[in-house]
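Accompanying notes for the structure given below.
The values are calculated or read from the model by the stated rules, or taken from the named source; none is laboratory data. As the structure is a prediction and not an experimental result, all values here were calculated from the model. Heads up, the Cβs are rebuilt from the backbone with ideal geometry, glycines too, and the neighbour counts pull from every protein chain shown. Protein only, heavy atoms only, side chains kept; ligands, DNA and RNA dropped before computing areas. Shrake-Rupley method; radii C 1.70, N 1.55, O 1.52, S 1.80 Å.
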Amino acid sequence: MAKEECKALLDALNKATACYHHLVLTIGGSADSQNLREELQKTRQKAQELAVAIRARLTPPLRDRGLGAEERAEFERLWVAFSGCLELLEADMRRALALGTEFPLHAPRRPLVRTGVEGGASGVAARALSARSLRHEAERDFDVEDLHQLEREILKVGEMIQDMEMKVNVPRWTVQARQTAGAELLSSASAGVSSVGGVSVQQRTGPCDLSKALAATIFSAVLLAAVALAVCVAKLS
Amino acid sequence: MAAGPAPLGGHPRAQRPHLSKMERVVVSMQDPDQGVKMRSQRLLVTVIPHAVTGNDVVEWLIQKYCIAEDEALHLGTLLVQHGYLYPLRDPRRLLLRPDETPYRFQTPYFWMSTLWPAAELDYAIYLAKKNIRKQGALVDHEKAHYDQLHRKINHTWDLVVMQAREQLRAAKQRRKGDRLVIACQEQTYWLVNRPPPGVPSVLEQGPERGSCTARQVQMTVDFYKREIECCRKALGRTRVKSSVCLEAYLKFSSQRGPHDPLLSGCLPSNPWVTDNDTYWAMNAPSVAVPTKLRVEQWAFSFRELLEDPVGRAHFMDFLQTEFSAENLSFWEACEELRHGGQAQVPALVDAVYQQFLAPGAARWVNIDSRTMERTLEGLGRPHRHVLDDAQLHIYMLMKKDSYPRFLKSDLYKDLLAEAVVPLEMKRRVFPFMWKPRHSSPSLALLPTSTSGEPEAAAEGSSQQADPHKAGGPWTELAEAWHSSLAPSPTFGTDTQSKRHSLVVTSRGHGGAGGCATPTRPHQPSSSVVSQRPQLCHPVGQKWFQPCHPSTNQFWFK
């Protein structure tokens, strides 16, 4: 079904955009490196491929006037989500360009901001590309050329958005979102608990884990003691 | 859409120079050799580097910029308030403490200049993420924002939920320490851009700071040429000496002072105050008997006389006695030409010529030969200003010649004598009392002659009015002025004690019936007040003790 395919592609694009956003967050900070720039490039290229694919899938049904009202509504919903995603991507790409220009990697007089974020983000990029892991194969001056490439890509994405607006006329305000307020809580209840608990410095998950570990050790100790007693009793009797 | 991309190159940046300055400071703090000393933050299991203490920051600022400690503290606080530095222990209190409190630098993505203005969609995604993390336990104002955003950008709510989930999942791919730091960074950003209620927003800038781009004026040859031209034009303007101007201004003010309804009150009464429009009826443009003030105004200048229809009519009568009425008729005809319709211009010019200017015309006007020549030339191509010269000549003639005679004539003197002086509306019960000249007190005089109470009292004065008076504070003031000096007959029926207070305060020496004080809680009840008028006779008020002893205190201020 075209709709399922579109949905799957849209989810992938959504994932790629979110990962790209996450990666762009760290540009200019202490985690900035050649690897990061390479990951950024790969992520955004994947995102753009997905965008082109979705657009190719979504445009014909929406331009088809003979489509039923419900189906059309569904496609419009997908379209709105798609264009929103694309705009988020474009915005992040622009910011990446601005930040990349401001914080070149090899300029001695311009140190990176020490933000406390260390460690690589290859996991994030791998998630975006739906790959298991990522290989880094960038050359030395990767970031400079990358910026030029990024500029061109931004223009391309801008044109695509413009084109989309021209070709397909979907009034945004008429689209009714399927998710209600608080919908994010429903399915991600399980995901939420295990993610970062609080943003305060005191780690609240720390003590929780500790208490669990403590309980486990006490229980096992009690169990061992019980077993030892039973053995003693058995031996003595 | 709502993602709000900043244009490449940063036009918003150029508009906010203080942000780029702050960023320079922050970047110079990052120098590995000369920057701020970095420490590590140790949590239970994880160690996160790049923490600075407030003390270090202040000391570094003092040392680098050679400033005093206060200034360094202030600068540091600015950095924290704009989100370039965030506290680790108490993230909601954005200020710099010069002690061991740890801070950390914000990532450049969340700097004010990169990501401004904050987009609604981003905020919605952030709130959704927080919702997921906190299992629905959002802070009040965040909840309110969440609901509001849900209504506002309902059409993209699918995207919001999808993105929120995905961003959280992406974050999980990082180490714990990084995750914490990134979450802190985002929280700080939103604390600065969407401050909780009660916290002043740093982003607000007053209207005068709207455009900080001071255009650099290039001191080129063109610039100086323009300046010279400007100055030359300014020199060529006719100037009047300020002494002359001021004299004329003083004369104008002193002459017109008594005629101004606001400055000197208006007879019979101010219609806005008393709702009685006799004043307007008596001063209508065409009225049989003009008021005295109006007739006096005709003596101020010729223009006043001509502008007043009644005045003009009388002047015409006067000119007829002097057999020079054609001057005024000609002038009026020229006025009609100037202000009339374009289509009638040729016909009118022709008529005027036939009647006033032609050699054997019925009402020939006496214009000097040069002007006449010019006019006759212009008549070939008539337009509405072709008779302007002639009109001006006749105008000056009338002004210099007929007008002074008119003012000295018997006609004018008779008019002055016949002119009516309207009576004031209030009937004075006791004529030997000093009456105020006008029924509406002068606004210019009132604040100076009263104590500080009138505004408060006026504010509190009641809206209920007497049958023949309109309500409103000015009624009360009018009442006050009157009643204080010559008590009104309606006073006794008034049971509103507030008016009494108004009366007392506006004329410190003796309002009638000071049965109320500004200190309202100790008011006598209205029933008590209603009995007062019999005892506190309006006349007697002035000399007798007030009925209510507590009003003593401000009677004789």
Query raised in the report: residue B:172: which lysines have alpha carbons under 23 Å from its alpha carbon, excluding same-chain residues fewer than 8 sequence positions away?
Result: A:15, A:42, A:46, A:212, B:129, B:130, B:134
Query raised in the report: How big is the accessible area of residue A:133 in square angstrom, nearest 10, if you roll a 1.4 angstrom probe over the protein chains?
Result: 90
Query raised in the report: Across the stretch A:1-43, how large is the tail of the calculated P(r) beyond 16 Å, expressed as a percent of all Cα pairs?
Result: 45
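Of all accessible surface on the stretch B:99-200 at a 1.4 Å probe, what whole percent is carbon and sulfur?
On the way: 1710 of 3290 Å².
Reported share for carbon and sulfur atoms: 52 percent.
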Query raised in the report: So how far apart, in nm, are the two label points at residue B:320 and residue B:344 if each is 7 Å from Cα heading toward Cβ?
Result: 2.2
Query raised in the report: So, with a 1.4 angstrom probe, what is the percent of accessible area on the stretch B:224-281 that is carbon and sulfur?
Result: 63
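Using a probe of 1.4 angstrom, how much of the accessible area of chain A is carbon and sulfur, in percent? Let's see the in-between values first.
Values: 7090 of 12100 Å².
Carbon-and-sulfur percentage of accessible area, whole number: 59.
Return the inverse of the average 1/r over all pairs of distinct C-alpha atoms in the stretch B:210-313, which is the Kirkwood hydrodynamic radius, in Å to one decimal. Provide the component values of the computation, followed by the final result.
On the way: mean 1/r = 0.0531 Å⁻¹.
Hydrodynamic radius (Kirkwood, Cα only) of the stretch B:210-313 equals 18.8 Å.
I'd like the mean, over residues of B:384-391, of how many other protein chain beta carbons sit within 10 Å of each residue's own Cβ. Walk me through the numbers before you get to the answer.
On the way: counts 0, 0, 0, 0, 0, 0, 0, 0.
Mean partner shielding for this stretch: 0.
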Report task. Would you compute the Debye intensity of the stretch B:158-197 from its alpha-carbon atoms alone, equal scatterers and no solvent, and pass along log10 I(q)/I(0) at q = 0.30, 0.34 Å⁻¹ to two decimals? Result -> -0.93, -0.97
**Report entry** Fraction of alpha-carbon pairs over 15 Å apart in the stretch A:88-174 - percent
**Finding:** 74
Query - Order by protection proxy (mean Cβ within 10 Å, highest first), peptides B:359-365, B:292-298 - result: B:292-298, B:359-365
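Using the C-alpha gyration tensor of the stretch B:54-190, what are the square roots of 5 times its eigenvalues, in whole angstrom, with the largest one first?
On the way: eigenvalues 219, 50, 34 Å².
Here the semi-axes work out to 33, 16, 13 Å.
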Report summary line: In a Gaussian network model of chain A with springs linking alpha carbons closer than 10 Å, the residue among A:179, A:162, A:45 that fluctuates most is A:179
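Can you list, largest first and rounded to whole Å, the semi-axes you get for the stretch B:18-130 by taking the square root of 5 times each eigenvalue of its Cα gyration tensor?
Working: eigenvalues 118, 68, 34 Å².
Result for the stretch B:18-130: semi-axes of 24, 19, 13 Å.
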**Report entry** Within a Gaussian network of chain A (alpha carbon springs, distance under 10 Å), most fluctuating of A:172, A:57, A:140
**Finding:** A:140
Query raised in the report: Averaged over B:147-159, how many beta carbons belonging to a partner chain fall within 10 Å of each residue's beta carbon?
Result: 6
**Report entry** 10 Å-binned pair-distance histogram of the stretch A:1-141 (Cα, whole percent)
**Finding:** 11, 36, 27, 15, 8, 2, 0
Query - Cut-off under 5 Å, modelled amide H: who pairs with residue B:53 long-range - result: B:103
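At 25 °C and a viscosity of 0.890 mPa s, what translational diffusion coefficient does Stokes-Einstein give for the stretch B:116-198, taking Rh as the Kirkwood radius over Cα pairs? Give it in µm²/s as a whole number.
Numbers: Rh = 13.3 Å.
Using the Kirkwood radius from Cα pairs, D works out to 185 µm²/s.
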Query raised in the report: How would you order B:371-381, B:82-92, A:16-26 from highest to lowest mean count of nearby Cβ atoms within 10 Å?
Result: A:16-26, B:82-92, B:371-381
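Short version: what are the Cα gyration tensor semi-axes of the stretch B:305-413, square root of 5 times each eigenvalue, largest first, in whole Å? Working shown, then result.
Working: eigenvalues 132, 44, 26 Å².
They are 26, 15, 11 Å, listed from largest to smallest.
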Query raised in the report: What total accessible area, in Å², is buried where chains A and B meet, using a 1.4 Å probe and rounding to the nearest 100?
Result: 6700
Report summary line: Expressed as a whole number, the average count of other chain Cβ atoms within 10 Å around the Cβ atoms of B:98-108 is 4
Report summary line: Rounded to a whole number, the Stokes-Einstein D of chain A in µm²/s (Kirkwood radius over Cα pairs; 37 °C; 0.692 mPa s) is 151
Query raised in the report: Mind listing the Cα extents of the stretch B:135-273 along all three principal axes, in Å, largest one first?
Result: 86, 63, 29
